[in-house]
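Accompanying notes for the structure given below.
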């Protein structure tokens, strides 16, 4: 049932957003409010593994948004490659020539 629903949504996402945008907006607002209420009730996330999962999820979402933000696939892929490459370089290597007072506020 779930696989069928996901395939149906994927095939008809444009129609859903065009004709049922009000319901899609209500769904996202309700999900956001419920998620905020649960997080507010339980308190902030303190488990380091869960924080890593949240961070990675947001990073993968950002990569997906970067990829789909341009119609030129090569440009999007190049930007993603640059972002990933720069994030893998340790901070001390690209902060070598920067004065220390700037590093403290960076």
Residue pairs within 7 Å by beta carbon, gap of at least six or interchain, first lying in region 38-60 and without any contact (Cβ under 8 Å) to a residue 40 or more places away in the chain, second in a helix (DSSP H, G or I) and surrounded by 10 or more Cβ atoms within 10 Å (Cβ to Cβ), listed first then second, are 45/51; 45/54
Note: among 86, 79, just one is touching a helix residue (DSSP H, G or I) at 6+ places or on another chain (Cβ under 9 Å), part of a helix (DSSP H, G or I), modelled with pLDDT of 90 or more and over 30 Å from residue 35 (Cα atoms), namely 79
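Residue by residue, here is whether (1) surrounded by 10 or more Cβ atoms within 10 Å (Cβ to Cβ); (2) part of a loop (DSSP other than H, G, I, E, B) holds:
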| position | (1), (2) |
| --- | --- |
| 6 | yes, no |
| 9 | yes, no |
| 49 | no, no |
| 66 | yes, no |
| 70 | yes, yes |
| 74 | no, no |
Of the candidates 21, 69, the one satisfying the condition of being closer than 29 Å to residue 87 by Cα and modelled with pLDDT under 90 is 69
Residue within region 22-40 that is surrounded by 10 or more Cβ atoms within 10 Å (Cβ to Cβ), not assigned by TED's automatic domain parsing to the domain that holds residue 87 and not in a helix (DSSP H, G or I) present: no
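The values are calculated or read from the model by the stated rules, or taken from the named source; none is laboratory data. Please read these numbers as outputs of a predicted model, since none were measured by experiment. Glycine gets a Cβ as well: all are built from the backbone with ideal geometry, and neighbour counts include every protein chain shown.
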